[in-house]
Amino acid sequence: MTTPQSHTTRRAAALIQRFRRVRLLVVGDLMLDEFIWGRVHRISPEAPVPVVEVTRESIHLGGAANVAHNIRALGGRATVCGVVGTDRAGHRVTAELKRIGAGTAGVMKSRSAVTIRKTRIIAHSQHVVRFDREPADHGHPASARLASFLERHLSEFDAVVLSDYGKGVVTKELVDLLHAMRKRRSFRLIVDPKKPNFGNYAGMTLATPNVSEAADAAGVDIRDDASLRDAGRTLAAHWDAQAILVTRGEHGMTLIPRQGSVRHFPTAARHVFDVTGAGDTVVATCALALAAGATFDEAAFLANHAAGVVVGKVGTATPDAAELRKAVMNDK
């Protein structure tokens, strides 16, 4: 006999299989995540701080570039549209994107831009400190070239992911351009929102704010399920979104469609070691699922399990299709 659970898992597995045919354009702030790993055995005699004995170093794609990495790891095709500097970090971001098989035709190099770098010191699987290097002026002179790329190539993709980290690539002008393009030709637009543009977003398929972002953007003090629902409905109306998926950390996720029933998804994480990049995993999985023909409920279900996989890893990590399939099949 077929049970509702077995139907859900079979349907999820079929959607994951379709990820390979999905073409996504990722627009947003590109970053380089650097990790310095080590051990702590003593406190410095110079100041009450740990002395980290470095054992290895690694780099990972961050920001919108990590969204593209998640898409590739899950089997989808991704092209990136953003800005990097002509510095060493910018070259490393572009090279790493090419290495994972992501398209870089939309990556604009600017001599006046500083490639965003986040350097994390990790000892015994714990973050010790983080150093951020980013431009003081978040405006980008390459904006016109980004707009031109969108005008020429957007029709080649099944959906667009707007990965906004508030670092200057996503501007009101860019949001307005995407809104105007959606009016001319409908396409799925999935947005990971950030505060600088809360008042600018207009017209989208799905937004994936966390609880604090949802509360701030909606002007609602989220205290319980009722206020969470009110915040989601407010944002859906304000941003002209079909649905809002609020990520809630250890409480899982809540899907609030503009019309229809609210649905809660308890966290699928077995262990939580590091939440770095989990939001990128959520928006990437939702975009893949929706472009593969999933409903909002199915997309949220898959994103919840993908996030559950990635928070069980240390550092900026991605789930692959096999891991996601296994997590779905083990769902109780």
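Evaluate Rg over Rh across the stretch 144-219, taking Cα atoms for both radii and Kirkwood's formula for Rh.
0.96
Using mean Cβ contacts within 10 Å as the protection proxy, how do 61-69, 246-254, 152-160, 199-207 order, highest first?
Averaged packing, sorted descending, gives the order 61-69, 199-207, 246-254, 152-160.
Please work out how much length the chain gains when fully extended from M329 to R133, using 0.36 nm per residue of separation minus the C-alpha to C-alpha distance, in nm with one decimal.
Here the segment from M329 to R133 would lengthen by 66.5 nm.
Give the shape of the stretch 218-266 as rounded, prolate or oblate, defined through the alpha-carbon gyration tensor: a ≥ b ≥ c are the square roots of its eigenvalues, a/c under 1.5 means rounded, and otherwise the shape is prolate if a/b is larger than b/c and oblate if not.
Judged from the Cα gyration tensor, the stretch 218-266 comes out oblate (a/c at least 1.5, b/c at or above a/b).
Just for the chain, what percent of DSSP beta bridges are antiparallel, to the closest 5?
Percentage antiparallel, nearest 5: 45.
In terms of modelled amide H atoms, which long-range or inter-chain residues lie less than 5 Å from the amide H of R258?
Answer set, sorted by chain and number: A243, I244.
Given the stretch 58-153, what percent of its DSSP beta bridges are antiparallel, to the nearest 5?
Once the DSSP bridges in the stretch 58-153 are tallied, antiparallel ones form about 55 percent.
If one computes P(r) from the Cα atoms of the stretch 22-136, what percent of pairs lie at distances over 17 Å?
Looking at the stretch 22-136, the distances longer than 17 Å represent 58 percent of pairs.
What order do you get for M108, M329, M181 when you list them from fewest to most C-beta neighbours inside 10 Å? The partial results should precede the final answer.
On the way: M108 22, M329 13, M181 18.
By the 10 Å Cβ count, ascending, the order reads M329, M181, M108.
Kindly provide the helix-only [θ] at 222 nm of the chain, computed as the sum of -39,500 (n - 2.57) over DSSP H runs of four or more divided by all residues, to the nearest 500 deg cm²/dmol?
Values: 10 runs with 121 residues, N = 332.
-11500 deg cm²/dmol, from helical runs alone.
Take every DSSP beta bridge whose two residues both sit in the stretch 1-131, then give the antiparallel share in percent to the nearest 5.
Numbers: 18 of 37 bridges.
Bridges in the stretch 1-131 that DSSP calls antiparallel: roughly 50 percent.
What's the exposure ranking of T281, T104, going from fewest to most Cβ atoms within 10 Å? Intermediate values should be presented prior to the final figure.
On the way: T281 27, T104 20.
Least crowded to most crowded, the residues run T104, T281.
Show log10 I(q)/I(0) for the chain at q = 0.12, 0.13, 0.14 Å⁻¹, two decimals, from a solvent-free Debye sum over equal Cα scatterers.
Scattering profile of the chain, log10 relative to I(0): -0.82, -0.97, -1.11.
By its C-alpha gyration tensor, with a ≥ b ≥ c as the square roots of the eigenvalues, how is the stretch 194-237 shaped: rounded for a/c under 1.5, else prolate for a/b larger than b/c, else oblate?
Verdict is prolate for the stretch 194-237.
Could you compute the FRET efficiency for D297 and A144, with r as their C-beta to C-beta distance and R0 at 30 Å, rounded to 0.05?
0.15
What trypsin sites (Lys or Arg not before Pro) in the stretch 77-133 are in a loop by DSSP, with at most 16 other Cβ atoms within 10 Å of the Cβ?
Passing sites in the stretch 77-133 are R111.
Reachable aspartates and glutamates from K172, Cα under 13 Å, same-chain residues fewer than 8 places away excluded?
Hits, sequence-local ones excluded: D164.
Could I get the Rg over Rh figure for the stretch 117-257? Both from C-alpha atoms, Rh via Kirkwood, rounded to two places.
Details: Rg = 17.0 Å, Rh = 16.7 Å.
Over the Cα atoms of the stretch 117-257, Rg/Rh equals 1.02.
Using a Förster distance of 22 Å, how high is the FRET efficiency between I100 and A322, based on the Cβ-Cβ distance and rounded to 0.05?
Plugging the Cβ-Cβ distance into 1/(1 + (r/R0)^6) gives 0.85.
In whole Å, what three semi-axes, largest first, describe the equivalent ellipsoid of the stretch 2-57 built from its Cα gyration tensor (square root of 5 times each eigenvalue)? Kindly include the intermediate steps, with their values, before the conclusion.
Values: eigenvalues 449, 84, 20 Å².
Calculated on Cα positions only, the semi-axes equal 47, 21, 10 Å.
What lysines does K326 reach when the alpha-carbon gap must be under 25 Å and sequence neighbours fewer than 8 apart in one chain are set aside?
Hits, sequence-local ones excluded: K313.
Under 1.5 on a/c is rounded, so check that first for the stretch 36-96, then, if it is not, pick prolate when a/b is larger than b/c and oblate when it is not; a ≥ b ≥ c are the square roots of the alpha carbon gyration tensor eigenvalues.
Prolate, because a/c is 1.5 or more and a/b exceeds b/c.
Efficiency by 1/(1 + (r/R0)^6): what FRET value for R152 and A47, r their Cβ-Cβ distance, R0 = 56 Å, to the nearest 0.05?
Numbers: r = 54 Å, r/R0 = 0.97.
The formula returns an efficiency of 0.55 here.
Computed from the coordinates by the stated procedures, all read-outs in this text should not be read as laboratory data. Predicted model, so just to flag it, every value in this text is computed and none were measured. Glycine also receives a Cβ, built like all others from the backbone with ideal geometry; neighbour counts cover every protein chain displayed.
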